[in-house]
1. Tell me, what does the Kirkwood hydrodynamic radius of region 85-128 come to in angstroms if you use every pair of distinct C-alpha atoms?
2. With labels modelled as points extended 7 Å from the Cα through the Cβ direction, what inter-label distance (nm, one decimal) is found for V124 paired with K217?
3. So if I take the centroid of the Cα atoms in region 1-76 and the same for region 155-184, what is the distance between those two points in Å?
4. Nearest 5 is fine: what % of DSSP beta bridges in region 6-223 come out antiparallel, could you say?
5. So what's region 6-223 giving for Cα Rg divided by 2.2 N^0.38 Å, two decimals?
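Taken together, the values in this text are just the output of simple stated rules run on the coordinates, not laboratory data. Nothing here was measured: the structure is a model prediction, and the numbers come from that model. A quick note on method: Cβ atoms are made from the backbone with ideal geometry, for glycine too, and the neighbour counts reach across all protein chains shown.
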Amino acid sequence: MTEARVDVVLPCLNERGALPWVLARMPEGYRAIVVDNGSTDGSAELAASLGATVVREERRGFGAAAHAGLLASTAEYVAFCDCDGSLDPAQLPSLIAPVMGGSADLVLGSRQPQRGSWPVHARVANVVLAWQLRRLTGERVTDLGPMRAARRLQLLSLGLQDRRSGYPLEMFLKASLRGWNIIELPVPYAPRTGKSKVTGTLRGTLTAVRDMSVQLKAAAAAQGSAPVLKRTGNES
């Protein structure tokens with residue numbers, strides 16, 4: 001493959017156990033960009049040996065790794081996916097099809113959890129966040145999951161600044177403020193390989209909530225006293 005149709009950004013911190021399965025599930029014509037965020041288990045070397053493009057981002061943080069992958073991408077379309085085995089890259093063609101077809105600007109994968117895949121504290125935090133987002137933006141959103149797809153140039157135009165856990169939320173909020181057509185599609189969500197650095201611990205979840213609160217406040221300030229951007233009749 002000399003030129004990828006879609007670049008898939010895979011932020012990575014010590015995911016050696018899951019990488020073989022994740023990379024084997026990459027669809028034809030999709031290039032895996034594994035962004036190593038300081039792994040100590042040989043993840044970067046393994047990913048390279050399995051054919052992935054490896055980018056190193058020494059600054060710790062999900063947003064730092066995700067954005068480094070975006071900057072390294074060259075394809076017209078870019079997708080994001082966790083590389084811990086919880087999300088299946090084979091689902092990406094269905095996710096990106098509306099973007100390629102022009103019926104959506106940003107597609108979010110709404111996680112459909114299997115048994116043991118989503119700790120209760122993380123699921124509750126996600127429900128609360130989705131409710132806040134529906135009220136703030138009017139978007140029909142139920143999950144702010146990590147699997148998503150859009151055009152590369154559009155993503156770069158958002159000027160994303162968060163380099164921690166607020167990165168996915170900043171992307172969603174700025175896209176909504178600009179009037180992008182945002183849709184959700186269901187994706188299976190399986191138990192991850194190894195321990196999560198974020199939702200696997202209460203501390204990690206609280207850190208993510210704090211990072212996302214900053215983005216919510218910024219979005220609310222940008223709107224001022226104006227009504228929500230898109231009235232859907234489904235804000236509650």
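1. Numbers: mean 1/r = 0.0806 Å⁻¹.
Result for region 85-128, one decimal place: 12.4 Å.
2. 2.4 nm
3. Result: 21 Å between the Cα centres.
4. On the way: 7 of 30 bridges.
Antiparallel bridges make up about 25 percent of those DSSP assigns within region 6-223.
5. Values: Rg = 15.9 Å, N = 218, 2.2 N^0.38 = 17.0 Å.
My calculation over the Cα atoms of region 6-223 gives 0.94.
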